[in-house]
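I have placed the structure first, in the form of structure tokens, so that the comments after it can refer back to it.
Just so it is clear, none of the values below were taken in a lab; they were calculated from the coordinates. Keep in mind that what you see is a predicted model, and the values were worked out from it rather than measured. Cβ atoms come from the backbone with ideal geometry, glycine included; neighbour counts cover every protein chain shown.
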Amino acid sequence: AQSVTQLGSHVSVSEGALVLLRCNYSSSVPPYLFWYVQYPNQGLQLLLKYTSAATLVKGINGFEAEFKKSETSFHLTKPSAHMSDAAEYFCAVSFTGANSKLTFGKGITLSVRP
Amino acid sequence: DSGVTQTPKHLITATGQRVTLRCSPRSGDLSVYWYQQSLDQGLQFLIQYYNGEERAKGNILERFSAQQFPDLHSELNLSSLELGDSALYFCASSVGSGGTGGWSYGYTFGSGTRLTVV
């Protein structure tokens, strides 16, 4: 069965610092990986996705993620954090086939200190 | 505005009652997915419909049911409500489903319905 693991539940960084949110996946078939962001009292917004094209994926708001098959990872990074990045971030996995549902990790809350 | 419309935004009801949550998918999307988000369980997949047919089922209780209508809107029915059913219920839509490849564009989520059972 496919799953994702997001290490830690809370990450705090200073404004301008590197953001690194970790995600490891488990899948018996080639995975398709997604990062979503949820701002308070809002729905989930797609940040970026990996669907077997380039392993380095660029998303919105300056975020990017790199698919590393050898490490079964898809970590999310941003070179310089902004106050507006404070939100909850979810990694999700899916695969092609009759059942296309996304399986989400538990989420990581990102706090940005002034 | 994501294009996925969920109503109502907030719902407060008593234990034992029944409620209906509504979702209108983004224009052109044929798949609708329902998710439950709670503090202890995180985001849990409930059920998926594709063009009116049930396509996949997740951790959906027997007290819960859903359907997708010919105009592609979907309703999630929750009955015999318990305190533990209090959660955010999200609807998401996508272009296709599974083998059609539309899923690869990701899902578009609505802003959710916050259900409080008292």
P(r) histogram, all alpha-carbon pairs of chain B included - 10 Å bins from 0, percent: 15, 49, 29, 6, 0
Student exercise, the protein assembly as shown dipole from Lys, Arg, Asp, Glu Cβ charges, in Debye to nearest 20: 220 debye
Net charge of Cβ neighbours under 9 Å - reference residue A:56; Lys, Arg +1; Asp, Glu -1: -1
Surrounding net charge for residue B:77, when Lys and Arg each add one and Asp and Glu each subtract one, Cβ distance under 11 Å: +2
Cβ-placed point charges (K, R +1; D, E -1), dipole of chain A about Cα centre in debye, nearest 20: 180 debye
Between region A:12-72 and region B:23-98, the alpha-carbon center distance in angstrom: 24 Å
Dipole of chain B, positive end: most advanced residue of B:46, B:112, B:32 [Cβ charges, Cα centre]: B:112
Sorted by Cβ neighbour density within 10 Å, fewest at the top, the residues B:108, A:55: A:55, B:108
Student exercise, chain B dipole from Lys, Arg, Asp, Glu Cβ charges, in Debye to nearest 20: 120 debye
Residues A:22, A:113, sorted so that the one with the fewest Cβ neighbours within 10 Å comes first: A:113, A:22
Residue of A:41, A:24, A:61 that the Gaussian network model of chain A assigns the largest fluctuation, springs spanning Cα pairs under 10 Å: A:41
Summed residue charge, Cβ within 15 Å of residue A:22's Cβ, Lys/Arg positive, Asp/Glu negative: -1
Sequence of B:63, B:55 once ranked by neighbouring C-beta atoms within 10 Å, starting from the fewest: B:63, B:55
Global geometry of region A:35-104, whether rounded, prolate or oblate, following the gyration tensor of its Cα atoms and the 1.5 cut on a/c: oblate
Of A:58/B:57; A:49/B:9; A:78/B:9; A:106/B:9, those spanning more than 26 Å from alpha-carbon to alpha-carbon: A:58/B:57; A:49/B:9; A:78/B:9
